[in-house]
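K.L.:
Here it is, the structure in full.
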Amino acid sequence: MPPVGPRSGDAIFANVERVNAELFTLTYGAIVRQLLTDLEEVEEVNKQLDQMGYNIGIRLIDEFLAKSNVSRCVDFKETAEVIAKVGFKMFLGVTASVTNWDADGTCCSIVLEDNPLVDFVELPDTCQGLYYCNILSGVVRGALEMVSMKTEISWIRDMLRGDDAFELQVKLLKQIPEEYPYKDDE
Amino acid sequence: MYCNRLYANKPELAASRIDAIGYQVGHQLSERYTMERPRFTDHLDAIKFICKDFWSELFKKQIDNLKTNHRGTFVLQDNRFRWVSRMSLDPSENGDLSQENAEAAENKAVQEPNMHLHFSCGVIKGALHNLGIACAVSADPSQLPACSFVVRIKP
């Protein structure tokens, strides 16, 4: 029997295939490391991580919608809550919280207290400009773009830079209206 | 594996990058998983560790078959290797890639699983290297989803 109604992040997380956490963390670390060696410029690495995340995000949204049973969100506030409570739990195994809403409800912060990507990680002095978790911002941006929301995402706080949590600021730039009918050749 | 995009036109370069990433991961993982065990007595002992404990940590299953010629070559076979078990690319069914010319399509189909396997080869190589065993690792994906890894220990 198919589940009715949206499922909680915990319930989904308990049922999906999971990968060894150390393998996941170390693999991400090794990728970042390899990028640093290859691209040399920290800025370039940030850009590349964001692009990788974007590529993941535009596909991950399908997985998310297929498994979470979440229906259309009424507003951006609900969208942010769903990302934090269901999305992050489902794919990273941690729950985030949403705060710092601006007056018109188009900009908020997603705060992660716990982030498996940075276990065992310490940034050396040479990488101070690195946004180590930049892949996450790309994922969120890519995923939202696939559901008609253009966003701009930036890091406000980063534990690797000495802050007490990870804070991602998500700013809704515009909602892209869906266009029908789609052209055949697209 | 995402490095693929960076080196889309240079498969050899991409392969060595992916291998290096795997190596790093294997190296660190075997360091962690061997923390509380006694030193390995010989090569076979270390390979067995890879087949059993190490593989179980990563894939929740052991290597299905281990063969050796007793002269430094080991073949580790996993009958259902997780990282390629969902791959739909099969060298025998690349006929539908009509937008590319046939030759390129063929190359691509053969390359794709190999590209993914460079990571696993790197992991095994890194893990063994951390245990003091220098070796070369290659993969044989000809019978997907089964996959065998050939470990040649350098004398």
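The values are calculated or read from the model by the stated rules, or taken from the named source; none is laboratory data. In this text, all values refer to a predicted model and were calculated from it rather than measured experimentally. Positions of Cβ are generated from backbone atoms using ideal geometry, with glycine treated the same way; all protein chains shown enter the neighbour counts.
Each row is one residue, and each column tells you yes or no for (1) on the phi < 0 side of the Ramachandran plot; (2) in a strand (DSSP E or B); (3) acidic (Asp, Glu).
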site: A:LYS89; (1), (2), (3): yes, no, no
site: A:GLY105; (1), (2), (3): no, no, no
site: A:ARG141; (1), (2), (3): yes, no, no
site: A:SER154; (1), (2), (3): yes, yes, no
site: A:GLU167; (1), (2), (3): yes, yes, yes
site: A:LEU172; (1), (2), (3): yes, yes, no
site: A:GLU179; (1), (2), (3): yes, no, yes
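K.L.:
Given the residues A:ASP119, A:ASP38, which is the only one that is in contact (Cβ under 8 Å) with a residue 24 or more places away in the chain, within 12 Å of chain B (Cβ to nearest Cβ) and more than 18 Å from A:VAL140 (Cβ to Cβ)? Walk me through how you get there before you give the answer.
P.N.:
Values: A:ASP38 fails: in contact (Cβ under 8 Å) with a residue 24 or more places away in the chain.
Every option except A:ASP119 fails the conditions.
K.L.:
Which residue, of A:VAL19, A:VAL86, A:VAL45, is buried (at least 16 other Cβ atoms within 10 Å of the Cβ) and within 14 Å of chain B (Cβ to nearest Cβ)?
P.N.:
Details: A:VAL19 fails: buried (at least 16 other Cβ atoms within 10 Å of the Cβ); A:VAL86 fails: within 14 Å of chain B (Cβ to nearest Cβ).
Result: A:VAL45 is the single residue among A:VAL19, A:VAL86, A:VAL45 that is buried (at least 16 other Cβ atoms within 10 Å of the Cβ) and within 14 Å of chain B (Cβ to nearest Cβ).
K.L.:
Out of the stretch B:110-126, which residues are under 16 Å from B:PHE81 (Cβ atoms) and in contact (Cβ under 8 Å) with a residue 40 or more places away in the chain? Lay out the reasoning, then the answer.
P.N.:
Our first condition is that a residue be under 16 Å from B:PHE81 (Cβ atoms); within the stretch B:110-126, this holds for B:112-124.
Once the filter is applied, which keeps residues that are under 16 Å from B:PHE81 (Cβ atoms) and in contact (Cβ under 8 Å) with a residue 40 or more places away in the chain, the stretch B:110-126 yields B:ASN114, B:MET115, B:HIS116, B:HIS118, B:PHE119, B:SER120, B:CYS121, B:GLY122, B:VAL123, B:ILE124.
K.L.:
Got at least one residue in the stretch A:25-34 being crowded, with 16+ Cβ neighbours inside 10 Å and more than 10 Å from every other protein chain (Cβ to nearest Cβ)?
P.N.:
no
K.L.:
Can you confirm whether A:ILE56 is at pLDDT 90 or above and either within 17 Å of A:ASP10 (Cα to Cα) or in a helix (DSSP H, G or I) (or both)?
P.N.:
Working: at pLDDT 90 or above: yes; either within 17 Å of A:ASP10 (Cα to Cα) or in a helix (DSSP H, G or I) (or both): yes.
Yes: the conditions hold for A:ILE56.
K.L.:
Note down all Cβ pairs under 6 Å where the first residue falls in the stretch B:136-155 and is in contact (Cβ under 8 Å) with a residue 24 or more places away in the chain, the second is of a type in the set (D, E, K, R), and they're at least six residues apart or on different chains.
P.N.:
Hits for this filter: B:PRO145/B:ARG80; B:CYS147/B:ASP78; B:SER148/B:ASP140.
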